Amino acid sequence: MPDQLTSSLPYILLAAGAGILGSVISLFWKPNVAIRSAIQHFAAGAVLAAIAASVIPEVEQIGTLPGVVGGFVAGGLLMIVLKWLVVRFEHQGKKNLPVGLASAAAVDTLIDGTLISAGFSANDQLGALLAIALSLELLFLTLSVGVEFREGNFPWWQTLAVTGGIALLLLVGAFGAGFLLADVPETTLAIVLAFGAAALIYLIAEELLVENVQAEESIFSTATLFIGFLALLILKLLEPK
């Protein structure tokens with residue numbers, strides 16, 4: 001096992017564990033729309049801070065213009081294709097399945113794991129900050145997916161299987177990337193980080209903030225977006241120089 005993967009293992013397990021915790025919580029707690037909107041806004045703010053304060057500066061430092069642009073475009077196109085497939089699936093009369101959020105969560109969780117390993121390959125501080133932000137994201141994401149399944153009257157074991165499976169995809173992405181990215185040049189890491197940033201932006205815009213449509217009068221939800229951003233920004237500023 002590469003040394004980088006060994007040092008990142010506790011953070012990888014933390015993020016995956018957060019996702020499993022969200023899966024279990026969804027079996028016992030069904031937050032209303034306003035609360036779900038608030039926690040999703042908080043997670044979105046935290047992820048935005050990780051992208052803006054850590055990922056983009058690192059990519060700018062180690063990447064090349066063609067590589068960074070190519071990675072970001074590839075990540076964006078992947079998520080656009082995913083969105084198209086989800087919409088087509090729903091138009092075929094299967095709207096009772098929460099396929100939109102679940103499929104986006106599955107793909108993004110796989111990319112999250114890759115992104116954490118890429119972050120640790122670049123530097124330990126970036127990897128740790130990404131792991132913390134994505135732990136929050138995955139906790140609230142699996143909770144949201146679980147609630148969607150419960151509202152569709154799916155059996156508890158099916159809900160747990162889907163949400164737990166989503167959480168475990170982070171391990172697949174992290175371990176796979178940990179081996180594949182062990183000795184790659186920094187320019188390749190920049191491409192992977194740019195790709196992951198595009199996927200996370202999709203998740204923020206299309207999934208984590210989608211509840212705002214149903215809770216648009218909630219000032220608290222809007223405030224939690226800034227609180228989440230500020231929390232991760234403070235962690236970034238507290239890092240040893």
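Restricting the search to segment 172-190, which residues are surrounded by 15 or more Cβ atoms within 10 Å (Cβ to Cβ) and more than 20 Å from S8 (Cα to Cα)?
none
Please enumerate the residues belonging to segment 60-75 that are crowded, with 17+ Cβ neighbours inside 10 Å and either of a type in the set (G, A, S) or out of contact with any Phe, Trp or Tyr (no Cβ under 9 Å at 6 or more places or on another chain) (or both). So that I can check it myself, show each step before the final result.
So the first thing to find is which residues in segment 60-75 are crowded, with 17+ Cβ neighbours inside 10 Å, and the list is 62-63, 67-68, 71-72, 75.
The answer is I62, G63, G67, V68, G71, G75.
Among the residues that make up segment 13-22, is at least one of them assigned to a helix (DSSP H, G or I), more than 15 Å from L143 (Cβ to Cβ) and over 14 Å from the mean Cα position of the chain (by Cα)? Before the answer, list the steps.
Narrowing segment 13-22 to residues assigned to a helix (DSSP H, G or I): 13-22.
Still in the list and also more than 15 Å from L143 (Cβ to Cβ): 13-14.
Now drop any that are not over 14 Å from the mean Cα position of the chain (by Cα), which leaves 13.
The answer is yes, given that some residue of segment 13-22 is assigned to a helix (DSSP H, G or I), more than 15 Å from L143 (Cβ to Cβ) and over 14 Å from the mean Cα position of the chain (by Cα).
Go through segment 37-62 and give me each residue that's under 14 Å from L237 (Cα atoms) and of a type in the set (S, T, N, Q).
Matches in segment 37-62: S54 only.
Take segment 75-103 and flag every residue that is at pLDDT below 65 and among the polar types (S, T, N, Q).
Scanning segment 75-103 gives Q92, N96.
Is it the case, given these coordinates, that L160 is within 18 Å of G67 (Cβ to Cβ) and either modelled with pLDDT under 90 or crowded, with 17+ Cβ neighbours inside 10 Å (or both)?
Working: within 18 Å of G67 (Cβ to Cβ): no; either modelled with pLDDT under 90 or crowded, with 17+ Cβ neighbours inside 10 Å (or both): yes.
So L160 fails the test.
So which residues in segment 195-221 are surrounded by fewer than 17 Cβ atoms within 10 Å (Cβ to Cβ), over 25 Å from I111 (Cα atoms) and modelled with pLDDT of 75 or more?
I219, F220
Would you please list the contacts, defined by Cβ atoms under 8 Å and residues six or more apart or on different chains, that run from a residue in segment 42-64 that is without any contact (Cβ under 8 Å) to a residue 60 or more places away in the chain to a residue that is among the hydrophobic types (A, V, I, L, M, F, W, C) and surrounded by fewer than 22 Cβ atoms within 10 Å (Cβ to Cβ)?
Going by the 8 Å Cβ cut-off, the qualifying pairs are E60/V68.
Which is part of a helix (DSSP H, G or I), more than 11 Å from L110 (Cα to Cα) and hydrophobic (A, V, I, L, M, F, W, C), of L169, L143? Step through it out loud before you land on a result.
Numbers: L169 fails: more than 11 Å from L110 (Cα to Cα).
None of the other options fit; the residue is L143.
List the number of the failed condition for L189; all other conditions in (1) more than 29 Å from V33 (Cβ to Cβ); (2) at pLDDT below 85 hold.
Evaluating L189 over (1) more than 29 Å from V33 (Cβ to Cβ); (2) at pLDDT below 85 leaves (2) as the failure.
The values are calculated or read from the model by the stated rules, or taken from the named source; none is laboratory data. All figures in this text were calculated on a predicted structure; none of them were measured in a lab. Glycine also receives a Cβ, built like all others from the backbone with ideal geometry; neighbour counts cover every protein chain displayed.
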